[in-house]
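The numbers here are math on the coordinates, done by the rules we state, and not lab data. The structure displayed is predicted, hence computed values, not measured ones. We place every Cβ from the backbone using ideal geometry, glycine too, and count neighbours over all the protein chains shown.
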Amino acid sequence: MTTLSTVAACSTGAGNLFQDNQPSAIKSTASAVLTLGQSSQEQEITKYNKTGRFTITPTKVVEGKPKDLKELNDSKFDGQKIAWVYVRAKHVGGSAVKEPEPMVNIGAETTDGSPATRFLLIADLTAMPKDCKRFDAVKDIEDEDLWQRGEERTMCEPYLIPANAKIKYVTYSQGFYDQPLRWSVK
């Protein structure tokens, strides 16, 4: 018997969970709405006193069905579904960064403007897309996750949204003072 644990965080996914993971935009593109597949301007991510520059590129959103949550056997998920958000991050300059966690600053908004809720899963759901690489696409969970310049990874994470909603935007937080970057989902 497999036990599956979940946590639905009370976050839009667009905030910072770790103080030293504060991104800053080299050049701001917050006023323009990008489209999926379009790379951001360089974003700085600092972790363990090392700063690297990354491009962030949301590539797709896969929306599940409410029945995908049935295996959790918890009525608190009634009326909801999962949206899997895929992002490609590329280290384009600066220092090598240990565990940069680019997904920490990713969020999503529904068509009615409501934020999606980051869905923290301890294990994988059977409905998870086969090409979804979670946990920032860590190469080896046992080893140090050091991103070198030129390294690129595609990862995905789940978000909860109302069953009748659609994801309209994927967002990337640029800290407390700048508007988040936004990518339109069509």
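Annotations
- Seen from residue 152, the other residues with C-beta closer than 11 Å to its C-beta sum to a net charge of +3, counting Lys and Arg as +1 and Asp and Glu as -1.
- Mean shadow area of region 75-186 over all directions, Cα convex hull, nm²: 8.7 nm²
- At q = 0.20 Å⁻¹ the log10 of I(q)/I(0) for region 51-113 amounts to -0.87, computed by Debye summation with a single uniform scatterer per C-alpha, solvent ignored.
- Among residues other than residue 124 with Cβ under 12 Å from its Cβ, the summed charge is 0 (Lys and Arg +1, Asp and Glu -1).
- For residue 112, net neighbour charge (Lys/Arg +1, Asp/Glu -1) across residues whose Cβ lies under 11 Å away: +1
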